[in-house]
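*Asks:* Pasting a structure below so you can have a look.
Read the figures in this text as sums done on the coordinates, not as results from a lab. Computed from a predicted model, the values in this text were never measured in an experiment. We place every Cβ from the backbone using ideal geometry, glycine too, and count neighbours over all the protein chains shown.
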Amino acid sequence: MRASRTGNLRPVARCSTLYLVSVRSTPPSYVREIARSLGARNVVLRYGAVVALDGASIEVAAGQTLALVGESGSGKTTLLRCFNRMVEPDSGQVLVGDTDVKLESVTALRRHIGYVPQNGGLLPHWRVLRNVALVPRLLGLEDANELATRALDVVGMPASTFADRFPHELSGGQRQRVALARALAARPGVILLDEPFGALDAITRSDLHEAFENARDAFPVTMLLVTHDLAEAARLADQIAVMRAGHVEQHGSLNDLYSSPSTEYVSALIERALASSSRLKPR
Amino acid sequence: MRFARIIMASCVALAAPTVAAAQAQGAPIVVASKPFGESYLLAEMFSQLLEAHGFSVLRRPGLGATEVAFGALRQDAIDVYPEYTGTGLLAILHDTLPDSIARDPRAVYDRVAQESARRYSVRWLPPLGFQNTYAIAVRRETADKYDIHTLSDLSRESGHLTAGFTADFIGRPDGLPGLERVYGLHLKAVRPLAPAVKYQALASSAVDVVDGYSTDGLLAKYDLVTLVDDRHFFPPYEAAAVVSNRLVRTMPGAIATLTLLSDRLSETRMRALNRRVEVNGENIQAVAAAALSDLGLVGSSAKTAASPGSTGDSGFWRYLWDRRVSLGSMAMRHILLVIIALGAAVLVAIPLGLVLERVRGAAEPTVRLLGAIQTIPSIAMLAFMIPLFGIGVVPALVALWLYALYPIARNTFTGVRDADSASVEAAEALGATPRQQLLSVRLPLAAPIIMAGVRTAAVITVGAATLAAFIGAGGLGEPIVAGLALADTRMVLSGAIPAAVLALIVDGLLAVVERAVTPAHLRHHQ
């Protein structure tokens, strides 16, 4: 299997057997369980006089998780949205796997990339199961509901209890779990998360982090996580990219950032984060 | 699909009598009138006379105004209605005659008859024998206080007098503009008044001057002074039956029958008849039958007792109860008009609103255009319909449909445009096509707003459908139009109250539908 080349992957066999026999007209679901690398090279995006991205570059190896951190307006969300073409850069290159995203049909690209927006973005008029089955259905998969049920199990929202609830009948944390399940359901190789836990209290957040890790254990997937919380980034991500004013200030593990900050800004950021969080302990 | 077919079928069923009437050879003769008392009475006399001679008659009383009635006649949509030569000259032919002949009734009649035949293939039968010219009237106390007896006197004192004129009179060249030109009239203020209320307004001193007709029964009732047209401004207004080309070609016998009334109605007799209808509140059929019998044109055994006359002091609910059968069928007709017009508007305006969400550039101009249609006065709208669709149910449906489009299209477009952006964006980011975003996310989220638009349109349509009576489409507008023309409040209410109740019921039913289509999360917060 091609995915095994990427080294850092969790085993795929556990979940793939379920879906081997599932679909007739479309490729079997397990084919999509291949984590793909991500790359952005010198991406520039201007809105009139405002420079949103100013030559931003990142690399994420397949199966790895990269956290984009930085203050509001640093361009982290904008960079994330380049990967599913919710924004189109003025120049530079954005790659998913080996393919420039511009060469793919925009809907096909998006259906193969999971997405968890800041506020969950669940469709309020649909029940939980239908929300989670959205992408499998868009892909025309016959086992859409089974895929959705499986994804709900992974995030700790058993379908037997929650499938028929409406989003407004769930707590904020539960909604974010469902949003995560929706991103996972079609087994994409890439998931984009835009401050998915930003609006939650600390305890709920910590529970969600577990759900996130379960998901990553269950499916081999490359993740790009936007967060303003360095502790969250340190817990969930393999690598951290610090963004400032539309470009990447430094890119590395938390230890790299701590031991050899490349700029004043990075070292100040780490200092402040250390002072405010006991959980953040560079090894 | 099935819904659409049912609508089509009902549309055809509703329209059938009209279309058949206009086309078939042995069809009934369509007798119409304009919406004021004397016109109703004359049309009823035409009808009974024709029926007495074995013709079958379809009554279409109270057609909009001159444009509607004459327009319908030109289209052979009606066969005969009473008109006045002065109106024919100025409002229909838009002619001005040299002063030498403009005051000569014979010359005016000849000119109008000739030109109508030449231009519109419409025939004027010989005049009925009386004139009904404009009568400018003031209260007796006003006449005494300012010593006003002629229009010249009025002009002298006009600076401190307020007039209440019918909209028709204010606009017509032979009305206020002409008076201002010829007499130098400069009134303190001019208020447009409905014919039904002008005499009451004058009697209660709300206005000082009104326009009336010289044969109006109400002039006598309120002890009013009619002013002498000392400069002979008003042309002769001889009443006559105007008949359609179809009737002339296919039913010479009917023409001969109608001509029996020519030169038989004196001004005195007409004023007395009008008074029985307008002041005494007698039933029009009965008055018409009595008049024809007095003239020896119809045997006295005519069906005068067939319809109940108004009994004066019996209560309003009793009045409604007595008319339950006809009110019931008018209400049914009303409901059908509303359902079909509204259904067709929903089928067009909701898809239109959705398309506009995808073609945003075209949205505002399109919706504004529909809004502009909304501002066309209903009578004008109905008049526009006649050249295209004749009179009856079809033009009424088209007009109601046009009025219903705007609120539905506006709310649909606004609703889908402003649907929760986080939901729409999430669907977009997960690979829903624009079409899928529109139909699966925006549309269901906008459902309550769209339904609010449908409810608005429904209430508007129930109200506007009362105006359908002006072009002979029936419905609860019939007693309203007739009651306004006859200054009969009870008759007006017998149409207006059921229409208002109907509006409430329709709105209530649609509120239930609105609740059913409202997405769960919004219902939760209600």
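*Asks:* Give me A:S253, A:S160 sorted ascending by neighbouring Cβ count inside 10 Å, so fewest comes first.
*Replies:* Final ranking by Cβ density, sparse to dense: A:S160, A:S253.
*Asks:* Amide H of A:T65 versus every other amide H placed in the peptide plane: which residues, excluding those fewer than 5 positions away on the same chain, fall under 5 Å?
*Replies:* Under 5 Å from the amide H of A:T65: A:M223, A:D238, A:Q239.
*Asks:* Ok, one more. Pull up the DSSP beta bridges for chain B and report the antiparallel fraction as a percent, rounded to 5.
*Replies:* Counting only bridges with both partners in chain B, antiparallel ones make up about 55 percent.
*Asks:* Using θ = phi - 60° and the Karplus form 6.51 cos²θ - 1.76 cosθ + 1.60, what ³J(HN,Hα) does each residue of the range B:200-208 get, whole Hz, x for Gly and Pro?
*Replies:* Running phi through 6.51 cos²θ - 1.76 cosθ + 1.60 with θ = phi - 60° gives 4, 4, 5, 4, 8, 6, 5, 9, 10 Hz.
*Asks:* Using only Cα atoms and rounding to the nearest 10 degrees, what angle (0 to 90) does helix B:443-464 make with the longest principal axis of chain B?
*Replies:* It works out to around 10 degrees.
*Asks:* Please rank B:H160, A:H247, A:H125, fewest neighbouring Cβ atoms within 10 Å first, as an exposure proxy.
*Replies:* The most exposed by this proxy come first: B:H160, A:H247, A:H125.
*Asks:* Sequence-distant or interchain residues sharing an amide H contact under 5 Å with A:V87, placed H: which?
*Replies:* The answer is A:C82.
*Asks:* Nearest 5 is fine: what % of DSSP beta bridges in chain A come out antiparallel, could you say? Mind dumping the intermediate values first?
*Replies:* Details: 20 of 37 bridges.
So the antiparallel bridges amount to about 55 percent of the total.
*Asks:* Just want the answer: with Cβ charges of +1 for Lys and Arg and -1 for Asp and Glu, which residue in B:F169, B:S152, B:I136 is farthest toward the dipole's positive end in the range B:134-226?
*Replies:* It is B:F169.
*Asks:* Work out the charge dipole of the range B:324-525 with +1 on the Cβ of Lys and Arg and -1 on the Cβ of Asp and Glu about the Cα centre, then indicate which of B:I386, B:V346, B:S326 is farthest towards its positive end.
*Replies:* B:S326
*Asks:* Pairs of alpha-carbon atoms within less than 8 angstrom and 6+ residues apart define the contacts here; what relative contact order does chain B have, in percent?
*Replies:* Across chain B, relative contact order equals 18 percent.
*Asks:* Let me ask something else about it. Neighbouring Cβ atoms within 10 Å as the yardstick, rank B:F130, B:F384 fewest first.
*Replies:* B:F384, B:F130
*Asks:* Now for a different question. Cα centroid distance between the range B:353-385 and the range B:217-252, in Å?
*Replies:* 39
*Asks:* List every residue whose amide H lies under 5 Å from the amide H of B:I29, counting only residues 5 or more places away in sequence or on a different chain, with H placed 1.01 Å from N in the peptide plane.
*Replies:* HN-HN under 5 Å from B:I29: B:S56, B:V57, B:L58.
*Asks:* What's the whole-number percent of alpha carbon pairs in the range A:40-276 lying beyond 31 angstrom?
*Replies:* Numbers: 6174 of 27966 pairs.
Result: 22 percent of Cα pairs exceed 31 Å.
*Asks:* For the protein assembly as shown, what is the number of Lys pairs with C-alpha distance below 23 angstrom, counting only pairs 8 or more positions apart or on separate chains?
*Replies:* Eligible lysine pairs with Cα atoms under 23 Å apart amount to 8.
*Asks:* With θ set to phi - 60° and the Karplus curve 6.51 cos²θ - 1.76 cosθ + 1.60, what are the ³J(HN,Hα) couplings of the range A:110-115 in order, to the nearest whole Hz, using x for Gly and Pro?
*Replies:* Per-residue couplings from phi come out as 5, 5, 9, 10, x, 8 Hz.
*Asks:* Using only DSSP helix segments of four residues or longer, with each worth -39500 (n - 2.57), what per-residue ellipticity at 222 nm results for chain A after dividing by its residue count and rounding to 500?
*Replies:* After summing the helix terms and dividing by residue count, I get -9500 deg cm²/dmol.
*Asks:* Same structure, new question: Based on Cβ point charges of +1 for Lys and Arg and -1 for Asp and Glu, what charge dipole magnitude is obtained for the range B:324-525 about its Cα centre, in debye rounded to the nearest 20? Provide the component values of the computation, followed by the final result.
*Replies:* Details: 13 positive and 10 negative charges, 30 e Å.
Charge dipole of the range B:324-525: 140 debye, to the nearest 20.
*Asks:* Against the longest principal axis of chain B, how steep is helix B:489-517, in degrees 0 to 90 to the nearest 10, with axes from Cα atoms?
*Replies:* Helix B:489-517 sits at roughly 10 degrees to that axis.
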